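Engineer: The following block contains the structure, expressed as structure tokens.
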2 protein chains.
Amino acid sequence: MEDQFVTLAHGNGGRYMRELIAGIFVRHLANPQLDVAADAVYLAMPPGDLMITTDGFTVEPLEFPGGDIGSLAVHGTVNDLAVAGATPLYLTLNTFIEEGLEISQLDRLIQSMAHAAQSCGVNVVAGDTKVLRRGEGGGLYLATTGIGIRRPGLRLGVDRICAGDKILVSGPVGDHGTAVLLAREEFGLSGDLASDSASVFVLAQALWDQPGLRFTRDPTRGGLVTVMHDIAHATGLTVRLEENAIPVHAPVRGVCDILGYDPLYLACEGRVVAVVSEEAAARACDIWRALPGGEAAAIIGQLSGIGAQVVMQTEIGGERLLNELEDDPLPRIC
Amino acid sequence: MEDQFVTLAHGNGGRYMRELIAGIFVRHLANPQLDVAADAVYLAMPPGDLMITTDGFTVEPLEFPGGDIGSLAVHGTVNDLAVAGATPLYLTLNTFIEEGLEISQLDRLIQSMAHAAQSCGVNVVAGDTKVLRRGEGGGLYLATTGIGIRRPGLRLGVDRICAGDKILVSGPVGDHGTAVLLAREEFGLSGDLASDSASVFVLAQALWDQPGLRFTRDPTRGGLVTVMHDIAHATGLTVRLEENAIPVHAPVRGVCDILGYDPLYLACEGRVVAVVSEEAAARACDIWRALPGGEAAAIIGQLSGIGAQVVMQTEIGGERLLNELEDDPLPRIC
């Protein structure tokens, strides 16, 4: 790769594109399944139920404390499989590159993606690259599709949630959203906040054998409260959260207070929410606290009462309704 | 859907996004597998080798004679599976929507996608939607991943190509590229040209039982000549094309002559190229000509001689080298 910037010629299907793919994508992502000359590739699958998920990534800036769009795409896709009870195996990758992106940055991002994939035990097996004219893209957009195998016999879903079930979160919320916010530098604030971008596979898997596990989800866009609304809508039950039980890093709370955001509506990218039976809650929380990344796990609420709403029990003993998101507080957060 | 335009709030993970997904994506694409509330979905798979492919779509304009970005995405993904010897079963869909896109247009495009998927016998099983700020997207980008099952025992690939093999194309080349070019209206030309956007599954499948079938590919970005270069590079053999054997619609040739394009480098979206043994060529061509969409199929060349190059034997008996694409002649063609 002698060029310094991506040009439209890198997207034309010819020699430049072949060089870009060989010089960056194949070099970092190469594995036995990645056949860049094939239109479709064969995937060796172990026995079991095939699970699929897909996700788009538009985060801006492309690199931020704690991660970048490459590692974020891997973690986001791995996490969607993990919370559905599946072991992630394969990823496909679409890149939409804006003309003018520095090739050295693209190289860093794809290398970061490769490291994340390796540490998650997944292979990137197929890809496609499109180049957009200057002004038509946000530097880089990614879309990833993930394939995994579901744990035999495991069925997780909102339809399994019952009144009385407890709600757990594996760690502090709002880190990713706040870190990306600060990385944009448009607020004149800085700090040592970092995104929580990480695989939640080990945390999710740790609960798969626990009786009473109903449902898991990673609270990304729209944050914790949006997952709570999804649960309330799907079950018709009231989600009751305890304000002082929800872990939030102090600097996250500080930044949010200054800028007028609520960390409970900001994206996490390395946390998992679980709904478990009342009896199983303490044990599930202990399991998480013993794992790396789960040290701050907490029981934060309960399904209690009829009426599809989300209620916060405040520290001073009051109650308030938590509304659904209307405007997007932070576009291009993931 | 009471809104007229897509706004950032439609991408926030909350109520507006849920309404957009329910009002457009679920309404048109709904099927037993499409569980919009799940992080990952289970896919029932027949026995056989799992094949996967992924592709991005950035065509501009979003609607053009003969198709639109929705049907194009389905056909492109189905075709990548078909030319790899697989029967397409499932698609996933990523949408990147620019703020300000008319909701009525998005609705048309997703409806078109649904019709194409239905006529190809594939189900859209998972999706993700991101909204980009105004000025940051080209109206709409799509990324689709396709899953299929390979015909048992069938192995197609450039590694199976031998000296002496013949090259076939299923129909006239350059239609899609020329139709999109004219649809942009920046050239002051108009005509009744239409894209060839279509599934090539029936054409590809028709050759699967033919002894001597080596390799099939759909000539999209970079057109017919780019596929020929891929073959020449991979095999080290010379691809020798016969100029007067290559089918090109007269209006396509006319427009290309005026604008200075070569239709052999322009994208097709409903054609397939096959490499077959010399003995099998006539039979394969007859099979295609008897099928809808294959009426103009032709034997257009042969692998003959050492040296990874593409040579055109001209109508007047001369020879010239066909170079690889350098600049992109037509950005955002697919």
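The values are calculated or read from the model by the stated rules, or taken from the named source; none is laboratory data. These numbers were taken from a predicted model, which means no experiment stands behind them. Cβ coordinates were reconstructed from backbone atoms using ideal geometry, including for glycine residues, and neighbour counts include every protein chain displayed.
Engineer: Would you mention how many residues in segment A:92-109 are crowded, with 24+ Cβ neighbours inside 10 Å and away from chain B (no Cβ under 11 Å)?
Structural biologist: Of the residues in segment A:92-109, 2 are crowded, with 24+ Cβ neighbours inside 10 Å and away from chain B (no Cβ under 11 Å).
To keep it simple, each residue is scored yes or no on (1) facing chain A (nearest Cβ under 9 Å); (2) of a type in the set (Asp, Glu); (3) under 29 Å from residue A:139 (Cβ atoms).
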| residue | (1), (2), (3) |
| --- | --- |
| B:83 | yes, no, no |
| B:90 | yes, no, no |
| B:119 | no, no, no |
| B:132 | yes, no, yes |
| B:149 | no, no, no |
| B:162 | no, no, no |
| B:169 | no, no, no |
| B:176 | no, no, yes |
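Engineer: Which of (1) modelled with pLDDT under 95; (2) under 19 Å from residue B:146 (Cβ atoms) is the odd one out, the single condition residue A:143 does not satisfy?
Structural biologist: The one condition residue A:143 does not meet is (1).
Engineer: Next question, about the same structure. Just to be sure, is residue A:79 within 13 Å of chain B (Cβ to nearest Cβ), part of a strand (DSSP E or B) and among the polar types (S, T, N, Q)?
Structural biologist: no
Engineer: Something else now. Within segment A:186-237, can you find the residues that are surrounded by fewer than 16 Cβ atoms within 10 Å (Cβ to Cβ), acidic (Asp, Glu) and within 11 Å of chain B (Cβ to nearest Cβ)?
Structural biologist: None - no residue of segment A:186-237 is surrounded by fewer than 16 Cβ atoms within 10 Å (Cβ to Cβ), acidic (Asp, Glu) and within 11 Å of chain B (Cβ to nearest Cβ), so the list stays empty.
Engineer: Here is a further query. Which one of A:25, A:5, A:64 is within 24 Å of the chain's Cα centre (by Cα), of a type in the set (Phe, Trp, Tyr) and over 17 Å from residue A:93 (Cβ atoms)?
Structural biologist: A:64
Engineer: Residue A:274 - would you say it is modelled with pLDDT of 95 or more, within 14 Å of chain B (Cβ to nearest Cβ) and crowded, with 23+ Cβ neighbours inside 10 Å?
Structural biologist: yes
Engineer: Being in contact (Cβ under 8 Å) with a residue 24 or more places away in the chain, crowded, with 24+ Cβ neighbours inside 10 Å, over 30 Å from residue B:192 (Cα atoms) and not assigned by TED's automatic domain parsing to the domain that holds residue B:272 is the requirement here; does residue B:76 meet it?
Structural biologist: It is false that residue B:76 is in contact (Cβ under 8 Å) with a residue 24 or more places away in the chain, crowded, with 24+ Cβ neighbours inside 10 Å, over 30 Å from residue B:192 (Cα atoms) and not assigned by TED's automatic domain parsing to the domain that holds residue B:272.
Engineer: Does residue A:240 qualify as being over 29 Å from residue A:116 (Cα atoms), among the basic types (Lys, Arg) and buried (at least 19 other Cβ atoms within 10 Å of the Cβ)?
Structural biologist: yes
Engineer: Let me ask something additional. Would it be correct to say that residue B:43 is touching a helix residue (DSSP H, G or I) at 6+ places or on another chain (Cβ under 9 Å) and either facing chain A (nearest Cβ under 7 Å) or surrounded by 24 or more Cβ atoms within 10 Å (Cβ to Cβ) (or both)?
Structural biologist: Values: touching a helix residue (DSSP H, G or I) at 6+ places or on another chain (Cβ under 9 Å): no; either facing chain A (nearest Cβ under 7 Å) or surrounded by 24 or more Cβ atoms within 10 Å (Cβ to Cβ) (or both): yes.
No; evaluated as a whole, the condition is false for this residue.
Engineer: Does residue B:114 meet the test of being crowded, with 19+ Cβ neighbours inside 10 Å and more than 12 Å from chain A (Cβ to nearest Cβ)?
Structural biologist: For residue B:114, the condition - crowded, with 19+ Cβ neighbours inside 10 Å and more than 12 Å from chain A (Cβ to nearest Cβ) - is met.
Engineer: Kindly establish whether residue A:25 is out of contact with any Cys (no Cβ under 8 Å at 6 or more places or on another chain), more than 9 Å from chain B (Cβ to nearest Cβ) and either within 19 Å of residue A:124 (Cβ to Cβ) or polar (S, T, N, Q) (or both).
Structural biologist: Values: out of contact with any Cys (no Cβ under 8 Å at 6 or more places or on another chain): yes; more than 9 Å from chain B (Cβ to nearest Cβ): yes; either within 19 Å of residue A:124 (Cβ to Cβ) or polar (S, T, N, Q) (or both): yes.
For residue A:25, the condition - out of contact with any Cys (no Cβ under 8 Å at 6 or more places or on another chain), more than 9 Å from chain B (Cβ to nearest Cβ) and either within 19 Å of residue A:124 (Cβ to Cβ) or polar (S, T, N, Q) (or both) - is met.
Engineer: Quick one: which of A:212, A:236 is on the phi > 0 side of the Ramachandran plot and out of contact with any helix residue (DSSP H, G or I) (no Cβ under 8 Å at 6 or more places or on another chain)?
Structural biologist: Exactly one residue qualifies, and that residue is A:236.
Engineer: What tally of residues in segment B:278-318 results from selecting those that are at pLDDT 95 or above and in a strand (DSSP E or B)?
Structural biologist: 11
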